[in-house]
Structure formats: structure tokens, C-alpha cells
Amino acid sequence: MKITALSPTFLLLQATTAAVSSTCRVIPGDPEWPSECLWNGLNSTVKGHLIKTAPVGQVCHGPTFDAVKCDEVKSKWNDPNWRSSIPEAIMSPSFANNSCDPMAPKEANCSLGGFAAYSINVTSPEDISAGLKFAQDKNVRLVVKNTGHDYLGRSVGFGSLSIWTHNLKDKTFVPNYSGKTYQGPAVKVGAGVQVLEAYEFANQHGYMIVGGECQSVGLAGGYTAGGGQSPLSSYAGLAADQTLEFDVVTADGKLLRAAPDENGDLYWALSGGGPGYGVVWSVTYKVYKDVPVTGTKLDFSKSNGTTDASYWEAIDFWHSLVPNITDLGGYTFTIYGSDSFSMSPLLVPNRTLDEVLRLIQPFHDKLGSLGIEYSSTTESFPAYLGAWKALIGQEGAGEGAHLTTRLLSRNTLLESPQQLSKVVRKMTDDGAQLLEMAIGAKMSVAGNPDNAVNPAWRNADILLFASGVDDNSTQASIDNRVTQVWAGLLRDLTPNGGTYMNEADVYEVDFQKSFYGANYDRLLLIKKKYDPQGLFYATTAVGSEAWIRQDNGRLCKRPGI
């Protein structure tokens, strides 16, 4: 099979032609960059599954412009399922320098940008091993990609070889799994299985599996590695709390089983300790007997004479109710700003309509006492999948606006309500749009797992997001506002807290503490054991502080580390 060729009209990032230091990865244009003959040899080794990157948006630019094909790409561009099926495509194109953006003018730059130079469409563990060996032998940067869902750009890298696991779709129901820490029903999924596919497969067998809100997210990759928050997390814990065993290819090319009774340190790290310890081939998860689910949607705004004070009093009261929701196993997805509030939805597994109405009634009463008009509907569903499809809105493949996040503990909600109120009002006055997910992934709820999940999750009740776009501001000022001002307010509010590493600020101050907490030092030892040369670099991953990306995209070891 011939390797798909990149059009010679594409521009590559400027690269030096001088000999590259052994402390740096080679990039296209370097004398040490592997020859076409060597790439052809790798393609032969992986049985024709090597793909040379030709950005899908090239049909909208320059001499490769094709109006019909460009219109087709544009029509699909915001579909995350379609975009996840493209080897090089990612959901946040800014991490690839927005290169070959089909929505940009025809004359706009269309180059390799930040994309991988080549991808292996993985079909076997041997394909992974061959890719890892080639990257190490030729000193080429390596990235691992499934769907490209990533707020931190961890699945993309200029001049890299990408291990693309998206088509590993095997699914197996295990009715009577038996392991060191768990006996019961389970599901084993390949690394490419996405959330909707996992939900539907579990549902076919009468079970639920902990997965994300977005249907196109890959279940077994970075989602689980980063913890994996879910509408079921207050009911059963995070995705990382459900892992029973992994099949993973480590930097030495070996396929290992990682479980509590075998390679236990690696199992611990893979379960919530972030990416960067190996390439996951498959994961086996606990599943739960399906149950009825009840959901509520509620909206109100600052209209019909509602005062600013009444509006914020309602939101403050809402925060005081969140622990009751998570204690009942519930989840919310709530968006608000300076003048409107939308809870879409409140989702509570294994609770009746009457129970959920009683849960939400105090909020109805408060809104009524404040004279705030609201809309509220509550509905029950016989099983989780139907509730998830009806209640959880699906996002498109966007541009990945700069955001910051923070986990808010119960103590913050109940013991520092005035400080919390001041912080959220200051951020919204400054242009922030806030999203809050009520999630209570307590140890008791999760089954007291022994894993590397950020300890900040275990006493949290809200995951708060702050983002905002100001057309009159420069990107630098927006970045400063998000990372320093808004995130600074949240750090001051929760000085011993942290956040969810999968949905966070790529410029997070002290990411080691915020993303990993007290687990970081132990994780770094495990990283050095299984990946001593730092092959699996990813932004904000454990050990990433040992590397630096130069302006031309080259990855180099940081001096003195």
C-alpha cells in the first residue's frame, strides 16, 4: 500500500538544517529526519497502515482547492464524530496553529502546522511496538491519538509520529469477571471505543457504564487516564474508579497486563494519573445494572423586574443545595452568567419523579419568594441511555476557547458561601460565562478504589468552568485574564484544591499540584520506571516539565532536569 503523499505545495514550519542536538527531537527539514525510504520501511512493517499527513482542509486552499470537496468538508467540520475519524484532525485546531482551516479564506496558510507528520492506523499491538521502536531509533517525537478530544493539545505535535488508536473497536461483555478487588459484570473495550458505542453496548446487556457527556469522546484513552467525569459520577464514581485491568504497550514495545494483581504500580498510574505511561490497547471496566433515571431542566433570567440582588441570591441558594443533589447520586450541568441561569439538566439515577421533585422543590420555593419567573420540567426514563440521549446536549467540534476550571469542595460551598459569591460575580462582571457540573465522586461512592485520581475530586461537589471571548481584546489579554485573573481568584478561594486535568487551562499555574495533588511524586517514579527516556511526552503530563517546545515546534530536553 502506497503512503498517502502530502502535496509538495504545502509549507513546512521553518526548521534549521544544522545538526540536531541529541537532546532534541528531529523535525521535518533536519538532515537527521528519516528518509522516504525509512518511512516506507515502517509502512511495510505495519502492513500498509502508515498515513502521511495531508490535512483534510487542504481542499479549501491554494492550488489544491476543490470547491465541491471544500463544501463537503465545511459541512462536516463541526461534527465531532466525523472529525474524530480523520487521522490528523483534532477538536481544538488552535493546537495545530489552525493550519488548513477550511473556514479560513482560500489564500490562508495551509501547511503541516502543528499536525503529526505521519500516523499509524493501529490494528495490532505489533503496530504500536513498531511505531514506538521507530520513534526511539530515529529520535522522532511521538504522540498518541484516538479522537482528538483534548483541551490541552496532548494528542498533537509538529513533526511527530502519531499512534492512532481510533479504529480499535472491539467490545466484550464479561458477565462474571473475577479479580483481586472485584467480582461481577464487566465490559472490555478496545482503545478506540467511544462513549456512545460503550453506552449502547452496555445497554444491550442491561447495564450502564460510566462514561462522559459527549458521545464522541474515546472511553479508554485520555478520558479515563485523566479521571473521567460522568453524569454517573455521583452515583458510581469516575471512569478511572471503574477500571479492572488494562492491556498496555509500554515504551520497550512489550504488551503488558496491568491490574491490581499484576504490574500494580502501572495499573495505579493508568487509573487517573494522566497520560504518558504507555499506549493503552484495551481496558476492562465495571458495569452497573441499569436503573430508571429522572431528569429536570430549569431556566430563569434577570427579566420582568428581577433585581440584580435577587438574581444572585437565587444562585447563592442554588450553591447551598448542590450537596443534597450529589448525596442523592445526582449530577447537574448548569450554565450562567450575569443575567441568565440554565440547568440542563439535573440527572438523578435510580430515583423516582417524586423524589426528584422533592429534591428541587426548595429551589422552586426560593425563586417564587424572590419573585423570579422560571421554567421547570421533570421527566422520568426507564433506563440510563434514554435519559442521557434526551437530557444531555451534544457539543460540536469547536475551536476550543481558552478556559480555566476548579473543583469546589463542600467546605467551600457551605462554609465560605460569601467568598464564593464574590468570586463568581467578579468573574461574570468581567465577561466570564460559567459552567458548573455538580459531581460528587466521593471515595465511598466510588467503592474506595486505590488509584491515582486527583485527591481533590474526593471532597468536591462542583467542577466549575470559566471561559469568555472578548472581540475587543487581544488573545494575550484574554489568556492573561483566564490564567492569571480568573484562575487566580479560584486558587485563592480553594488554596488546597485542584482541578480536572482533562478539562483545564493548558497554562495552569503549578499543574503538578492542581492536576495530580499529592500523587505527583509517586507518579513521576512510575513514569521513569516504564518510560525512562520520556518517549510519551504530552503537555502537562507527568514528567513534561523535563521538556520544552521551541518556537519552531521542536521538542527538546530542558537543561538541568
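What the table shows:
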| item | result |
| --- | --- |
| With every protein chain in place, the stretch 439-552: carbon and sulfur % of accessible area (1.4 Å) | 50 |
| With DNA, RNA and ligands ignored, accessible area of ARG491 (1.4 Å probe; Å², nearest 10) | 50 |
| Charge sum, other residues only, whose C-beta stays under 14 Å from ALA251's C-beta, Lys/Arg counted +1 and Asp/Glu -1 | +3 |
| Cross-link pairs beyond the 20 Å C-alpha cut-off, checked among LYS254/LYS528; LYS171/LYS286; LYS52/LYS138; LYS254/LYS529; LYS145/LYS513; LYS188/LYS513 | LYS145/LYS513; LYS188/LYS513 |
| Free-standing Cys residues across the chain, given no other cysteine C-beta under 4.7 angstrom | CYS37, CYS214 |
| Gained length - LYS529 relative to ASP137, 0.36 nm times residue gap less alpha-carbon distance | 139.2 nm |
| Solvent-accessible heavy-atom area per residue, rounded to whole Å², over the stretch 204-269 at 1.4 Å | 23 |
| LYS297 - accessible surface, heavy atoms, 1.4 Å probe, Å² rounded to 10 | 70 |
| Per-peptide average of other Cβ atoms within 10 Å, ordering 64-71, 123-130 highest first | 123-130, 64-71 |
| Among 530-536, 179-185, the order from most to least packed when residues are scored by Cβ within 10 Å on average | 530-536, 179-185 |
| Inter-label distance for GLU373 and SER416, nm, one decimal - labels placed 7 Å from Cα along Cα-to-Cβ | 3.8 |
| Cα-based reach from LYS74 at 18 Å (exclusive), listing lysines while leaving out same-chain residues under 8 positions away | LYS106 |
| Overall Cα dimensions of the stretch 86-134 - principal axes, largest extent first, Å | 42, 18, 16 |
| For the stretch 428-561, average projected area of the Cα convex hull in nm² | 10.3 |
| Principal axis dimensions, largest first and in whole angstrom, of the chain by Cα | 75, 58, 51 |
| Span from the the stretch 265-338 Cα centroid across to the the stretch 55-118 one, whole angstrom | 33 |
| Longest to shortest principal axis, alpha-carbon extents of the stretch 211-339, angstrom | 67, 30, 24 |
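The values are calculated or read from the model by the stated rules, or taken from the named source; none is laboratory data. On a predicted model such as this, the values are computed, not experimentally measured, just so you know. Every residue, glycine as well, gets a Cβ built from its backbone with ideal geometry; the counts of neighbours run over all protein chains shown. Only protein heavy atoms, including side chains, enter the accessible area calculation; ligands, DNA and RNA are left aside. Shrake-Rupley method; radii C 1.70, N 1.55, O 1.52, S 1.80 Å.
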